[in-house]
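Read the structure below first, then the notes.
What follows draws every value from the coordinates through simple rules; no lab data is involved. Values in this document were obtained by computation on a predicted structure and should not be read as measured data. As a convention, Cβ positions derive from the backbone with ideal geometry for all residues, glycine included, and neighbour counts pool all protein chains shown.
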Amino acid sequence: MADAGPAFREPSTLERFFNRAFGSLVGMGLAPRDYYLLQVRGRKSGRVYGTPVSLVSLHGVLFLVAPRGRTQWVRNAEASNEVLLKRGSRHRRFRLRALADADKPPVLSTYLDRYRSFVQRYVPLPAGAPTHAFAAIAERYPVFELQPAGADEPGRPATEPGR
């Protein structure tokens, strides 16, 4: 079985700076296709926080993965059960459905294969590892199915948040 590792991997100062800069670009719509600025209300402060995230689509369903574990945005999102994904002037609100650990392996495998250059350092398995190998580490990585909430942009399909 893989090493349990920390429940949350704290970003370095350089990573924090990069996330702020990249988050600003994503929020303006200047980022690769599957990147969004996730906005979520703080569970204690009520302040809206933003962080860049990448989504993965599997069988027509969108998923949000937290490669650093139970980060503050994860805890805030779990408390509110809702996030806003923003990209440029477009935005869309989503409800979250947390996946059970048994349902995470195909999503984690697809996510790592797609974003390996950014997230490999957070995952103890190599990109391309068999899907069943992710069962041993699934509990360490929150995964949410995104479900459209409200009518921020009527008529947009669930697989296209703000495109």
Tell me the mean residue ellipticity at 222 nm calculated for the chain from its helices only (DSSP H runs of n ≥ 4, each -39500 (n - 2.57), averaged over every residue, nearest 500).
-7500 deg cm²/dmol
Taking a crude spin-label model, label points 7 Å out from Cα along the C-beta direction, the E139 to R90 distance in nm is 4.0
I'd like the orientation of helix 105-119 relative to the chain: the angle between its Cα long axis and the longest Cα principal axis, in ° from 0 to 90, rounded to 10.
80
Taking r as the C-beta separation of S45 and F17 and R0 as 22 Å, the FRET efficiency to the nearest 0.05 is 0.50
With +1 on each Lys and Arg Cβ and -1 on each Asp and Glu Cβ, how big is the dipole of the chain about its Cα centre, in debye rounded to the nearest 20?
600
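Highest mean first, how do 121-129, 59-67, 40-48 rank when packing is the count of other Cβ atoms within 10 Å averaged over residues?
Ranked by mean Cβ neighbours within 10 Å, highest first: 59-67, 121-129, 40-48.
So for the chain, what percent of the C-alpha to C-alpha distances run longer than 28 Å?
Cα-Cα pairs in the chain separated by more than 28 Å: 17 percent.
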